[in-house]
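Colleague: Submitted below is the structure of interest, expressed as structure tokens.
Coordinate-derived values only; no laboratory data. Quantities reported herein were computed from a predicted structural model and do not represent experimental measurements. Cβ sites come from the backbone with ideal geometry, for glycine too, and all protein chains shown count toward neighbours.
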Number of protein chains: 2
Amino acid sequence: MQPPVHAFGQVFVRLQPHLASLDIFLRDQVARFEPEIRSMADYCIDTSGKRIRPALVFLSGWRGDEAPSPDLVKAAAVVELVHLATLVHDDIMDEAELRRKRRTAAREFGATAAVLLGDALFSHALHLAAQFPTTEVCLHVAESTRRVCAGEIVQTLRRGSTDISREDYWRIIDLKTAELFRVSCFLGSRLAGSPAAYVEAVTSFGRHLGIAYQVYDDLADFFGDEQRIGKTLGTDLSSGKITLPLQILLDRLPPAERAGLNEEIAGRRSPQMLLRFSQMKELGVFPSVADAINAEIATATEALSAWPTEGPTPLLLELGSILREQVAALNPEPPKPAQAG
Amino acid sequence: MQPPVHAFGQVFVRLQPHLASLDIFLRDQVARFEPEIRSMADYCIDTSGKRIRPALVFLSGWRGDEAPSPDLVKAAAVVELVHLATLVHDDIMDEAELRRKRRTAAREFGATAAVLLGDALFSHALHLAAQFPTTEVCLHVAESTRRVCAGEIVQTLRRGSTDISREDYWRIIDLKTAELFRVSCFLGSRLAGSPAAYVEAVTSFGRHLGIAYQVYDDLADFFGDEQRIGKTLGTDLSSGKITLPLQILLDRLPPAERAGLNEEIAGRRSPQMLLRFSQMKELGVFPSVADAINAEIATATEALSAWPTEGPTPLLLELGSILREQVAALNPEPPKPAQAG
């Protein structure tokens, strides 16, 4: 098996044994599915995913390099299964062809089976969540799942609409992405028995990192490298989804040009990707979005400032630094290196 | 609001206050959804449904005519929400236009929003399930949900296939329908604090009643009254779904005729509904299917035979009797009344 390519890089090296335990656990869970579903579920739980949410569980509950506790592995499986279920359902709606260079479940098995496969993954996640001694894990996971779905619904209902405020955008990504990052951090920290105030700090870190990560993802949809990311760029514009880079571009375009872009977002005219991309460069969209991401990472970092010596703190902060580097690496006009001398 | 039309008739009259409490509870839950989802969820939680699964919760936990305990109402809401979520997703896949004479959620809001709405209903159900003091409810509901999805997946994968044994059919309906009937009875009985052996008996009753109910539903797809049921007949044949009436017809047709019907099931020829219906009458399909349903009701009844004096027993048995009557009412050639004198 190929080692997964991680947006979050080096910190994942230390996590390899944890992620390997997760993989064994997930395979074993799939073996308990009805025979007809096993191969479909296996197809989804493939190792090429980034496993960011499980990593957040493991890092938030970090107690050194030894093997993770069975509880952490189970919690990591829960958040990953919820995430996989949302991906399976998202790909149906986006009519996406490929995900990580493979055919999506919807293309491979048909939309009908994909709806049900997503449901089966969801319910298996909740079944695992219910295996903890108290209802706490189940309660949080179910609530988060509902909020993730709510975020996706709001985003779906707004497709093609150009009347989306910054607040709307922030609320959507808080629900659809930050929520699962948040609950991953909460579960890891809580299950490791951290003091309540630290659990709260780590949870807040997770939420803000999740927001930052989603804005980064939306930035990469315009400024990424198709080869490296393994998906088509510009899909947000072509599917009428307004993200921060587009919002900023709309704000800065002269009114006549803005009307044209609005037509593209509404799907009444085909998107002029190259023009929009060059306008984004010209009007300084990249640095503004990067600033927003870095501000969010700073908020995440700040949440941990009172806890510098807790085990998970430096590892979580490293995630923030890596994300900052990933953002910088997308810069189409990287800052010139300082003159020597 | 119109009182709901119940396949299960009179016993539901005593349940009216319970079902009214459920309705108030469900409306209150919907009010907690994000604003964008509220009206969609409200549309689904409409009062025209039969509420059979909540009724099973209430009857299995019956302690007299007084107001139901908050726990029973919550459990009833859980099973109904799971059921509604599966309906929302089923209607996407069936490309159904109408359900109970109203446009399906998929038609009303689009398939994309319907996938997510179903997810939100699922996760809200699990969130409610996690609000009980122990993980037991959540554990059972999540496992049942997974099995319901598994049943739907197996059925979907087999569409258009003529190679489906009686065992396959029985397994599919056990998963997709009987499972939720079973868990509804389990929850009602368990939450009412019944002795373990009685809980087991009631749970077994629920499972067999669920199987009987699904076979009845499949029979009604051929022998029902469109006006009364409020949906198009013959949809199982036209969607390539092999049910017991079709299996029996296939068995009894001469080989040449059987090949033609197989072509219709496989979707390679348009279904000849009138011909198939008259063949079913001619070859005695109705009484054979009715016998199978009644045998299943007898098994359900037998499960309660050691508990004649427990409060829920007579009410549950009444459900069996009512279903038997419903089956008889479908009979295209009702037995002649006995001669007087």
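Colleague: When each copy gets a label point 7 Å from Cα toward the beta-carbon at B:Thr309, what are the spacings between them in nm, shortest first?
Modeller: For B:Thr309, the other copies' label points sit at 6.9 nm, shortest first.
Colleague: Further question: What is the distance, in nm, between label points placed 7 Å from the Cα along the Cα-to-Cβ direction at B:Ser321 and at A:Ser278?
Modeller: 8.3
Colleague: In percent, how large is the relative contact order of the range A:218-341, given Cα pairs closer than 8 Å and 6 or more residues apart?
Modeller: 24
Colleague: May I ask for the angle, rounded to the nearest 10°, between helix B:179-191 and the longest principal axis of chain B, with both axes built from Cα atoms and the value confined to 0 to 90°?
Modeller: The answer is roughly 30 degrees.
Colleague: Just check the range B:185-252 against the gyration tensor rule for me: Cα atoms, a ≥ b ≥ c as the square roots of the eigenvalues, rounded for a/c under 1.5, and otherwise prolate or oblate depending on whether a/b exceeds b/c.
Modeller: Here the range B:185-252 falls in the prolate category.
Colleague: Given the convex hull over the Cα atoms of the range B:188-307, what projected area results after averaging over all orientations, in nm²?
Modeller: That works out to 9.2 nm².
Colleague: Same structure again: Identify which of A:Ser21, A:Ser278, A:Ser144 has the largest mean-square fluctuation in a Gaussian network model of chain A, with springs joining Cα atoms closer than 10 Å.
Modeller: Top of the fluctuation ranking is A:Ser278.
Colleague: Run the quick spin-label model on B:Arg268 and B:Arg14: label points 7 Å from Cα toward the beta carbon, then report their separation in nm to one decimal.
Modeller: Modelled inter-label distance: 5.4 nm.
Colleague: Can you list, shortest first in nanometers, how far B:Pro254 lies from the same residue in the other copies, with each label 7 Å from Cα toward Cβ?
Modeller: Spacings between copies for this position, smallest first, are 8.3 nm.
Colleague: Which one of A:Asp23, A:Asp65, A:Asp174 has the biggest mean-square fluctuation once chain A is modelled by GNM with Cα springs under 10 Å?
Modeller: A:Asp65
Colleague: Along Cα-to-Cβ, 7 Å out, sits the label point; list in nm, shortest first, how far the one on A:Asp65 is from those in the other copies.
Modeller: Copy-to-copy label distances for A:Asp65: 7.3 nm.
Colleague: For the range A:257-315, what are the per-bin percents of Cα-Cα distances with bins 10 Å wide, up to the bin holding the maximum?
Modeller: All Cα pairs, binned at 10 Å, distribute as 19, 28, 21, 16, 14, 2 percent.
Colleague: Further, regarding this structure: Give me the distance in nm between label points sitting 7 Å out from Cα along the Cα-to-Cβ direction at B:Arg63 and A:Gln131, one decimal.
Modeller: Computed distance between label sites B:Arg63 and A:Gln131 equals 3.3 nm.
Colleague: Would you be so kind as to identify which of A:Leu244, A:Thr301, A:Ile265 lies farthest towards the positive end of the dipole of chain A, taking Lys and Arg as +1 and Asp and Glu as -1 on Cβ and the Cα centre as origin?
Modeller: The residue sitting farthest along the positive end of the dipole is A:Ile265.
Colleague: Which shape class, rounded, prolate or oblate, goes with chain A when its Cα gyration tensor gives a ≥ b ≥ c as root eigenvalues, a/c under 1.5 marks rounded, and past that a/b bigger than b/c marks prolate?
Modeller: Cα axes put chain A in the oblate bin.
Colleague: So what is the relative contact order of chain A, in percent, for Cα pairs below 8 Å that sit 6 or more residues apart?
Modeller: Here the relative contact order equals 18 percent.
Colleague: Output the 0 to 90 degree angle, nearest 10, between the alpha-carbon long axis of helix B:111-129 and the longest principal axis computed from the alpha carbons of chain B.
Modeller: Helix B:111-129 sits at roughly 50 degrees to that axis.
Colleague: Report the residue, chosen from B:Pro271, B:Pro68, B:Pro35, that carries the largest GNM mean-square fluctuation when chain B is represented by alpha-carbon nodes joined by springs under 10 Å.
Modeller: B:Pro35
Colleague: Where the only charges are on Cβ atoms (+1 Lys, Arg; -1 Asp, Glu), what is the dipole of the protein assembly as shown about its Cα centre, to the nearest 20 debye?
Modeller: The calculation lands at about 380 debye.
Colleague: From the square roots a ≥ b ≥ c of the eigenvalues of the alpha-carbon gyration tensor of the range A:128-251, which class results: rounded (a/c under 1.5), prolate (a/b over b/c), or oblate?
Modeller: Prolate, since a/c reaches 1.5 and a/b exceeds b/c.
Colleague: Given charges of +1 on the Cβ of Lys and Arg and -1 on the Cβ of Asp and Glu, with all other atoms neutral, how large is the dipole of the range A:11-328 about its Cα centre, in debye to the nearest 20?
Modeller: 240
Colleague: Per residue, how big is the convex hull of the protein assembly as shown when only Cα atoms are used? Give it in Å³.
Modeller: Normalising the Cα hull of the protein assembly as shown by residue number yields 185 Å³.
Colleague: Can you tell me, using C-alpha contacts under 8 Å and at least 6 residues apart, the relative contact order of the range A:119-191 as a whole percent?
Modeller: Contact order relative to length: 33 percent.
Colleague: Considering the dipole of the range A:11-328 built from charges on the beta carbon (Lys and Arg +1, Asp and Glu -1) around the Cα centre, which of A:Ile173, A:Ser144, A:Leu157 is farthest to its positive end?
Modeller: Positive-most Cα among the choices belongs to A:Leu157.
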